[in-house]
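The values are calculated or read from the model by the stated rules, or taken from the named source; none is laboratory data. These figures come from a predicted structure and were not determined experimentally. Virtual Cβ from ideal backbone geometry, glycine too; neighbours counted across all protein chains shown.
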Amino acid sequence: MIRVRLHLLFAGIVTCCLGFATEVSAQGAETIVKVQTHFEKGAEFFQKGEYEAAIAEFEAGNGLLPNPIFLYNISLAHGKLGRVEQSLAVARLAEATGLDEPDATQNRARISALVTAQQALTLANAMEPVPKPVPPVEAPLFSTLGWIGVASASLGVVSLVGATIMDASIGTTVENYEEAAASGDETNYRLLKSKIESDQVLTRSLFFIGIGLSAAGAGLVAYDLFWDESTVEMAVSPTSNGIAGTLKMTW
């Protein structure tokens with residue numbers, strides 16, 4: 001609890017002075033009034049919970065007329081603000097300066113409690129868990145250009161597989177075609193011949209498309225893996241005949 005007995009000490013100081021002189025000098029009386037004012041303002045701020053302002057007033061009063069009661073109250077205010085180290089340091093200074101009872105006993109009890117609190121804080125800080133390092137963000141395997149290459153190569157593989165299937169189908173059709181020719185089935189012969197020709201065109205188309213897409217895709221993937229600073233711009237726009245797409249690559 002904050003001490004408000006400073007006015008009694010001032011009265012004692014004044015009485016002591018009067019023992020050596022018939023009157024107190026005007027300057028000394030003015031100083032005592034200022035000190036008392038700082039103390040009263042500090043006590044008022046303390047009661048309101050404005051501890052920073054209270055500390056400022058107590059320190060100003062102690063600067064004019066040092067007194068351990070000021071230090072005791074400053075220590076209390078620091079404690080209210082959670083400043084264990086500052087509160088302990090000022091409490092020890094008040095003890096060294098010489099507090100009267102019962103303030104001296106209460107101050108020693110506060111010093112003991114503050115030492116315990118300081119040790120607990122030190123232990124808590126030492127036991128704080130070490131923050132785990134944040135794993136680095138891995139860069140994506142491919143950029144947009146690389147993924148276009150992967151898609152292109154995949155379509156190329158699909159086209160080559162389709163060409164292989166069509167080629168096997170043509171082999172079966174050729175056998176039927178030869179049987180129709182041997183049996184003299186003119187109608188079936190012509191139909192099979194036309195089918196073989198169209199299938200051969202489709203097979204060749206799938207084959208060359210597959211080769212082209214696979215090669216282009218492999219090239220884009222290789223470029224994306226081994227070269228930097230490449231950009232890809234894609235755009236789709238309507239036209240009179242439908243929709244047109246553009247692909248612009250810069251490197």
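Determine if segment 81-94 includes at least one residue that is more than 30 Å from Asp224 (Cα to Cα) and in contact with a Pro (Cβ under 7 Å, 6 or more places away or on another chain).
Of the residues in segment 81-94, the ones more than 30 Å from Asp224 (Cα to Cα) are 81-94.
Those left that are additionally in contact with a Pro (Cβ under 7 Å, 6 or more places away or on another chain): 94.
Checking segment 81-94: at least one residue is more than 30 Å from Asp224 (Cα to Cα) and in contact with a Pro (Cβ under 7 Å, 6 or more places away or on another chain).
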Handout entry: Residue selected from segment 108-149 under the condition crowded, with 16+ Cβ neighbours inside 10 Å, more than 30 Å from Arg83 (Cβ to Cβ) and among the hydrophobic types (A, V, I, L, M, F, W, C), by the criterion modelled with the lowest pLDDT
Key = Leu145
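Go through segment 170-200 residue by residue and tally those that are small (Gly, Ala, Ser) and surrounded by 15 or more Cβ atoms within 10 Å (Cβ to Cβ). Walk me through it before giving the result.
Of all residues in segment 170-200, those small (Gly, Ala, Ser) come to 171, 180-184, 194, 198.
Filter once more, so that each one left must be surrounded by 15 or more Cβ atoms within 10 Å (Cβ to Cβ): 180.
Within segment 170-200, residues that are small (Gly, Ala, Ser) and surrounded by 15 or more Cβ atoms within 10 Å (Cβ to Cβ) number 1.
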Practice task
Could you figure out which of (1) within 34 Å of the chain's Cα centre (by Cα); (2) modelled with pLDDT of 85 or more isn't true of Ser154?
Solution key: (1)
